[in-house]
1. Each label point is 7 Å from the Cα along the Cα-to-Cβ direction; what then is the distance between the points at residue A:73 and residue B:122, in nm?
2. For residue A:31, which sequence-distant residues (separation of 5 or more, or a different chain) have an amide H within less than 5 Å of its own amide H, given hydrogens modelled in the peptide plane?
3. Ignoring everything except DSSP H segments at least 4 long, calculate the 222 nm mean residue ellipticity for chain A; use -39,500 (n - 2.57) per segment, divide by total residues, nearest 500.
4. To the nearest 0.05, what FRET efficiency results for residue B:78 and residue B:249 with a Förster distance of 45 Å applied to their C-beta separation?
5. Subtracting the Cα-Cα distance from 0.36 nm times the residue separation, let me have the gained length for residue C:29 to residue C:250 in nm, one decimal.
6. Count of lysine pairs in the protein assembly as shown with Cα atoms under 27 Å apart, counting only pairs 8 or more residues apart in sequence or on different chains?
7. Could you give me the ³J(HN,Hα) list for segment B:230-237, computed from phi with Karplus coefficients 6.51, -1.76, 1.60 and θ = phi - 60°, whole Hz, x at Gly and Pro?
8. What nm distance separates the two modelled labels at residue C:15 and residue C:59, each placed 7 Å from Cα along Cα→Cβ?
Amino acid sequence: MKSSHQIELTAGLFLLLAVAALIFLAVQATDRGVVADGGYQVTAHFTNIGGLKTRAKVTMGGVTIGTVESIGLNLETFEAEVVLQIADRYSDLPEDTSASILTSGILGDQYVGLEPGGSPEPLRDGDRIMLTNSAVVLEQLISRYLFNTENEEE
Amino acid sequence: MTDDSRESPPIRLRDITLTLGGRVILENLNLELPAGKVTAVMGPSGAGKTTVLRLVTGQLKPDAGEVWIGDDRVDQLDARALNRLRRRMGVLLQNGALLTDLTCFDNVALPLREHTDLPESLIRRLVLLKLQTVGLRGAAKMYPRELSGGMNRRVATARAMALDPDVMLYDEPFAGLDPISLGVSLRLIRDISQALDTTSVVITHDVGEVRHFADHCCIISDRKIVAQGPPDELAGSDHALVQQFLKGLADGPVPFHYPAPGLAEDLLEPRQ
Amino acid sequence: MSDPGAKGPALLSPLRELGRAVLFLATALAHMRLTRLQIAETLRQIYFAGVRSLVIIVTCGFFVGLVLTLQTYDTLTRFGAGDAVSTVLALSLFRELGPVLTAILFAGRAGTSITAEIGLMRATEQLDALELMAIDPLERIVQPRLIGGLIAVPALVLVFNMTALLGGVVFAVALMGVDPGTFWGNMQNTVELGRDFGHGMLKAVAFGAIAAWLAVYHGWSARPTSEGVALATTQTVITTAIAVLILDFVLSAFML
């Protein structure tokens with residue numbers, strides 16, 4: 001039977017091991033809560049969001065800078081209103097930044113890609129991105145192509 | 001614990017009726033255990049001796065009647081008061097019931113550490129003295145599983161006396177002991193009773209030894225006390241059960257045969 | 001527990017048992033004192049529950065990681081998505097397998113140990129002895145084991161997850177030649193700290209509470225005979241497994 005000193009020591013070491021495991025896992029195996037450090041919100045209106053879902057990534061130049069916070073429908077303009085949550089450290093985006101809905105890969109998930117503009121004024125919390133490009137819907141692309149080729153043949 | 005009346009209290013059970021599991025164990029039982037004396041509580045198996053012990057400790061409440069220790073009415077105490085009362089009692093259960101994950105030292109120290117604010121150095125001395133009384137100071141660092149049953153009980157006795165109680169209760173302390181250990185236990189019970197001036201209650205079967213340690217005896221049978229008094233007085237009683245018990249007769253008021261239909265019928269007819 | 005033959009009482013009996021278990025938990029947690037004795041005793045119980053379970057947790061963790069990666073990699077490569085193996089491994093572990101498997105393994109190793117210990121204490125009258133010494137056995141015996149289990153299980157889940165990931169690394173990187181940068185990189189991109197890892201740890205705490213509670217309850221309510229104690233230990237494993245799996249579904253549904 002171990003002495004109580006040894007037992008307490010081993011118990012302490014065990015908890016230390018658990019904390020080490022926690023740190024290892026949190027740092028090595030997760031995104032470290034990239035967008036968990038608060039952030040600000042901007043909206044963007046699209047005519048069609050395609051397959052975009054909440055929690056989809058928001059990127060600029062390929063770097064993830066935020067996520068899609070919520071998606072709603074404006075009942076007056078019938079446009080999709082997408083709220084983007086952007087991490088605080090990316091707070092100097094030009095206010096004429098454009099937003100497009102892109103697909104990662106050929107059949108991958110959809111995400112919001114931001115393209116910087118040239119304005120010296122930054123985007124602030126609650127601002128709206130004015131330039132947007134809606135998602136490319138495959139069926140429309142095909143039917144447009146067919147329609148055009150039909151036209152050409154005539 | 002500034003209790004001024006620290007003399008040993010008498011224990012009284014008045015008109016106790018108790019039913020357990022549908023069976024009436026005790027009925028209108030009256031028992032007087034005199035203060036400062038060692039009383040042996042005896043009786044056939046299942047008569048209710050341990051039940052009497054549990055009434056005194058407050059582990060059981062009677063359906064009717066009163067249990068008194070001195071001026072305290074045990075069966076009506078609330079949990080706090082019962083705890084306070086229990087600190088004045090030392091109980092030795094059968095087989096000792098020491099905590100198996102603590103050393104003998106820690107076992108005896110347990111009530112001291114829990115209920116007093118004494119510094120560890122003083123507790124250490126007290127524990128060693130208690131163990132010395134029972135002759136096991138050398139076994140202080142050992143675990144209960146390393147000691148024999150008899151030694152376990154002695155350590156448990158030391159633990160029961162740790163807080164210098166007014167009342168000591170022993171549940172069958174002699175069961176299964178060899179003659180030497182038996183002699184040791186007898187001596188301890190008497191010594192403790194005298195040294196601490198306690199009211200001691202010993203539940204036992206051991207008729208032969210009774211006169212060596214008990215000032216007072218009683219025999220429980222058939223839900224009542226059938227005899228009470230000093231050991232010699234009991235030996236002279238002509239109550240059938242007392243005689244059967246004291247002499248160890250195979251048959252008498254406690255029958256030899258378990259209830260069964262007649263022998264002739266059983267032998268002649270096929271049993272269904 | 002209940003008699004399988006009877007119809008009416010068969011439904012009531014488990015309900016009554018559940019009620020008893022809940023009341024027991026409430027009473028056991030009622031008076032908590034923060035004394036040095038209690039803390040020391042709780043640390044001891046963390047040792048018994050946690051440290052003693054390490055061997056089985058680490059071993060099983062490693063092999064679960066290994067086999068899960070093996071199976072997932074095989075399936076994913078059929079779709080040309082072999083690089084996603086680390087993500088699938090991490091997500092399944094953090095969200096489901098880590099907490100659930102650890103809780104059940106804990107019940108088998110430490111839970112039964114606690115149940116048997118308390119059951120035997122009752123059978124040898126140690127619990128009675130404590131009461132007669134005016135020491136509350138709920139406080140002295142049950143509370144430290146409850147809290148110890150509650151702390152030990154999440155700690156064990158962390159260790160399980162870590163060793164399982166290492167098992168995955170061994171298979172994918174060392175054996176299958178997956179690029180370690182891709183392995184960790186994909187995982188880091190997809191696994192969210194708050195959502196995936198955090199929710200998994202919440203489950204770990206909940207399951208730890210359940211496992212510890214059921215272990216002490218079955219020990220406490222065991223019949224004080226050798227058969228009674230043996231029965232109680234099997235019940236600990238069975239009830240913990242069932243409770244954990246049901247709660248797992250409920251929590252998963254809530255968290256998604």
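1. Roughly 8.1 nm, to one decimal.
2. The list, which skips near neighbours in sequence, is C:191, C:192, C:193.
3. Values: 2 runs with 41 residues, N = 154.
Taking each H run of at least 4 residues, the total per residue is -9000 deg cm²/dmol.
4. Values: r = 46 Å, r/R0 = 1.03.
Working from the Cβ atoms, E equals 0.45.
5. Working: separation 221, 0.36 × 221 = 79.56 nm, distance 2.48 nm.
Net length gain for the segment: 77.1 nm.
6. Value for the protein assembly as shown: 15.
7. x, x, 5, 4, 5, 4, x, 5
8. 4.3 nm
All of the numbers you see were taken from the coordinates with simple rules; none came from a lab. Owing to the predicted nature of the structure, the values given are computational and were not obtained by experimental measurement. Reconstructed Cβ throughout: ideal geometry from the backbone, glycine too, with neighbour counts over all protein chains shown.
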